[in-house]
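A short worksheet on the structure shown next.
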Amino acid sequence: MEEGMNALHDFGIRSTYYLQVNYQKAQDWFILVSVLADLRNAYYVLFPIWFHLREAVGIKLLWVAVIGDWLNLVFKWILFGQRPYWWVLDSNYYSNTSAPPIKQFPVTCETGPGSPSGHAMGAAGVYYVMVTSALSILKGKKKATYTFRCLNVLLWLGFWAVQLNVCLSRIYLGAHFPHQVVAGVLSGIAVAETFRHIQGIYNASLKKYFLITLFLFSFAIGFYLLLKALGVDLLWTLAKAKKWCERPEWVHIDTTPFASLLKNLGTLFGLGLALNSGLYKESCKGKLGKWLPFRLGCIGVSLIFLHIFDSLKPPSHAELVFYVLSFCKSATVPFASVGLIPYCLSRILGPSDKKSL
């Protein structure tokens, strides 16, 4: 078993080395792809756009992103996946030969386990939701036409082009092995496909959001404490990241498992809080909410606000404070997009019943 994994890891290291040597000019592109594939962009950019164009798609997109990333954390804790940038230096596999020199980058040194890839899983889930939703909207009740079939092919080609670039990016940067990104893509698609058949997310009460958030948090913490009691340290990767990362400043606390957990749970709870608030019901659910210019205005203001809001970073010197503030910051993102900003715009524009829509 160990020999097989070593061989698989060696293939991954040589794949990373091959890409870094033969595609040096693509370095900036791969770094950009990795940054864009981060789930932060799903929360701060894609969600506001989709929500105000098609609320159901926006809600499903956020659920797929949050639950997918939560499952990714659990899978990582179970699978104990290595990462190339530390394995190549930490393993004794190359004791008799020289290891391929793998370059590191500012986005390489993530601190959690490597399998499956969170970037690949998140991108696959989010883009699968967008493609299937777009096709469903465009098709409507009409029979498939030649134009629709062409569009269907183009969208799916685009989907797989995105996944290929994300996978190559993560391998190039030394953040993941090839088998980890493949597992991430397949897992992300599975999560997104599952949520195509779950209707309860569209009218869930605040109580349901609270209970689900509490369950996800309790399960993750309980799982961590149980294995810790059995002598298994689920934070074993943090020490490796600090030891083998070329520059200490490249190791960020917001890549730790608990930071990811609290950001996702905050996002989900913030969505539930917004959808069940009077702010949302008075704005998006009123007559003004059916007016396209109003929805486009909500998108524009949300994107500007969230771009500025994203620059506010919780202090990282105290972990507990960082985690609490991360939860609150993440909860603010959907609450602002869904409740606060639409409500403020509706008040500025005046009572909806006086508007000529």
Net charge over other residues, Cβ less than 15 angstrom from the Cβ of Ser330 (K, R count +1; D, E count -1) | 0
Can you pull out the trypsin sites (Lys or Arg not before Pro) in the stretch 136-195 that DSSP calls coil and that have at most 12 other Cβ atoms within 10 Å?
-> Lys141, Lys142, Lys143
Short version: ³J(HN,Hα) in whole Hz for each residue of the stretch 274-286, in order, from phi by Karplus 6.51 cos²θ - 1.76 cosθ + 1.60 (θ = phi - 60°), x for Gly and Pro, what are they?
-> 5, 5, 9, 9, x, 4, 5, 5, 7, 10, 5, 8, x
Please give the peptides 77-85, 276-284 ranked by average Cβ packing (other Cβ atoms within 10 Å per residue), highest first, as a rough proxy for protection.
-> 77-85, 276-284
Quick one: check the C-alpha center-to-center distance for the stretch 36-54 versus the stretch 284-356, whole angstrom.
-> 12 Å
Taking the stretch 169-249, which GluC sites (Glu not before Pro) meet the DSSP loop condition and have no more than 15 other C-beta atoms within 10 Å?
-> Glu246
Please report the relative contact order for the chain, taking Cα pairs under 8 Å with a sequence separation of at least 6, and give it as a percent rounded to a whole number.
-> 23 percent
Dividing the mean separation of Cα pairs under 8 Å (6+ apart) by the residue count of the stretch 50-173 yields a relative contact order in percent of 31 percent
If you average the sequence gap of Cα pairs under 8 Å that are 6 or more apart and divide by the length of the stretch 99-236, what percent do you get for the contact order?
-> 38 percent
Neighbour net charge for Asp310 - beta-carbon separation under 14 angstrom, K R +1, D E -1 = +2
Using only the alpha-carbon atoms of the stretch 296-342, report the extent along each of the three principal axes, biggest first, to the nearest angstrom.
-> 39, 17, 8
Taking all protein chains as present, what is the carbon and sulfur share of the accessible area of the chain, in % to the nearest whole number, probe 1.4 Å?
-> 66 percent
Quick one: accessible area per residue over the chain, 1.4 Å probe, rounded to a whole number of Å²?
-> 50 Å²
Mean projected area, convex hull of alpha-carbon positions in the chain, reported to one decimal in nm², is 20.8 nm²
Using θ = phi - 60° and Karplus 6.51 cos²θ - 1.76 cosθ + 1.60, couplings along the stretch 76-82 (whole Hz; Gly, Pro as x) | 5, 5, 7, 8, 6, x, 6
Once you have a ≥ b ≥ c as the square roots of the Cα gyration tensor eigenvalues for the stretch 118-262, tell me rounded if a/c is under 1.5, and otherwise prolate or oblate according to whether a/b is larger than b/c.
-> oblate
Whole-Hz Karplus ³J(HN,Hα) for the stretch 61-74, in order, using 6.51 cos²θ - 1.76 cosθ + 1.60 and θ = phi - 60°, x for Gly and Pro?
-> 4, 5, 4, 5, 5, 5, 5, x, 6, 5, 5, 4, 4, 4
How would you order 210-218, 177-185, 60-68, 304-312 from highest to lowest mean count of nearby Cβ atoms within 10 Å?
-> 60-68, 177-185, 210-218, 304-312
Cysteines without a disulfide-compatible partner [the chain; Cβ-Cβ under 4.7 Å] = Cys150, Cys167, Cys284, Cys298, Cys328, Cys344
Taking only the alpha-carbon atoms of the stretch 96-165, what semi-axes of the equivalent ellipsoid follow from 5 times the gyration tensor eigenvalues under a square root, in whole Å, largest first?
-> 39, 14, 9
When the convex hull of the Cα atoms of the stretch 176-334 is projected onto a plane and the area is averaged over all directions, what value comes out in nm²?
-> 12.9 nm²
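The values are calculated or read from the model by the stated rules, or taken from the named source; none is laboratory data. Remember, predicted model here, so these are calculated numbers, not experimental data. No Cβ is skipped: glycine too gets one built from the backbone with ideal geometry, and neighbour counts run over all protein chains shown. These accessible areas exclude ligands, DNA and RNA; they are computed on the full protein's heavy atoms, side chains included. Shrake-Rupley method; radii C 1.70, N 1.55, O 1.52, S 1.80 Å.
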